[in-house]
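Asks: I am attaching a structure below and will ask some questions about it afterwards.
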Amino acid sequence: MEPAARARAAIEAAGLTFEVTEHGPVRSLAEAAAARGLTPDRVLKTIVVRRAEDDFLFVLVPGGRAISWPKLRGLLEVNRLCMPSADEAQRVTGYVRGTITPFGSFRALPVIADTAIPGGAVSVGGGAHGVAFTIDADELIASLCARTADVTDPE
């Protein structure tokens, strides 16, 4: 199954109310937000983080923010974290970087959602370039059983 179809099947199977947005190439967060009819802080990045050998998690980061590695390490009570290579992230999730979504990943990974994610409509990747799902933030976080924590800083 194609990655975007796998992502859509997974979000549908979760029973969530969502909208699919398809748009052409974008070169910035501002362009992605405009294409999706949202403000930049409502465009969420799904970042794969490696905690240890073969131990990964997703971190949902609102636009305009970046992972604070000291905060994330403290939350997870580890001394070291890193982002896997693009190839490794694709092997774990089935998605190329820039299209990663927590829905339909090859492996079910724990999710941390940053506390700066605004309430209401947010957008997450849809498994392919130019494909996104718009969904209520609270429903998204609940459906993923995400742990909510302050793990980002402004970019």
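We did not get these values from a lab; they are worked out from the coordinates using the rules stated. Quick caveat, the model's predicted, so the values are computed rather than measured. Here the Cβ positions follow ideal geometry from the backbone for every residue, glycine too, while neighbour counts run over all protein chains shown.
Asks: From Glu53, Glu2, which residue is touching a residue at least 60 places away in the same chain (Cβ under 8 Å) and either surrounded by fewer than 19 Cβ atoms within 10 Å (Cβ to Cβ) or in contact with a Pro (Cβ under 7 Å, 6 or more places away or on another chain) (or both)? Before the answer, list the steps.
Replies: Numbers: Glu53 fails: touching a residue at least 60 places away in the same chain (Cβ under 8 Å).
Of the residues listed, the single one that is touching a residue at least 60 places away in the same chain (Cβ under 8 Å) and either surrounded by fewer than 19 Cβ atoms within 10 Å (Cβ to Cβ) or in contact with a Pro (Cβ under 7 Å, 6 or more places away or on another chain) (or both) is Glu2.
Asks: Now for a different question. Which of the residues spanning the stretch 84-104 are surrounded by 15 or more Cβ atoms within 10 Å (Cβ to Cβ) and either touching a residue at least 40 places away in the same chain (Cβ under 8 Å) or of a type in the set (A, V, I, L, M, F, W, C) (or both)? Walk me through it before giving the result.
Replies: At the first step, the residues of the stretch 84-104 found to be surrounded by 15 or more Cβ atoms within 10 Å (Cβ to Cβ) are 84, 89-90, 92-97, 99-104.
Scanning the stretch 84-104 gives Ala89, Val92, Thr93, Gly94, Tyr95, Val96, Thr99, Ile100, Thr101, Pro102, Phe103, Gly104.
Asks: Hey, can you tell me all the residues within the stretch 119-137 that are on the phi < 0 side of the Ramachandran plot and loosely packed, with under 14 Cβ neighbours inside 10 Å?
Replies: Passing the criteria: only Gly119.
Asks: So in the stretch 16-36, with the set limited to residues that are free of Cβ contacts under 8 Å to residues at least 60 places away in the same chain and in a loop (DSSP other than H, G, I, E, B), which one is surrounded by the most Cβ atoms within 10 Å (Cβ to Cβ)?
Replies: Ser28
Asks: When you go through Leu29, Leu76 one by one, which is the residue that is in contact with a helix residue (DSSP H, G or I) (Cβ under 6 Å, 6 or more places away or on another chain) and either at negative phi or not hydroxyl-bearing (Ser, Thr, Tyr) (or both)?
Replies: Working: Leu76 fails: in contact with a helix residue (DSSP H, G or I) (Cβ under 6 Å, 6 or more places away or on another chain).
After applying the criteria, what remains is Leu29.
Asks: Identify the residue in the stretch 71-127 that is among the β-branched types (Val, Ile, Thr) and in contact with a Lys or Arg (Cβ under 8 Å, 6 or more places away or on another chain) and, among all such residues, is farthest from Arg6 (Cα to Cα).
Replies: Per the criteria, the residue is Val78.
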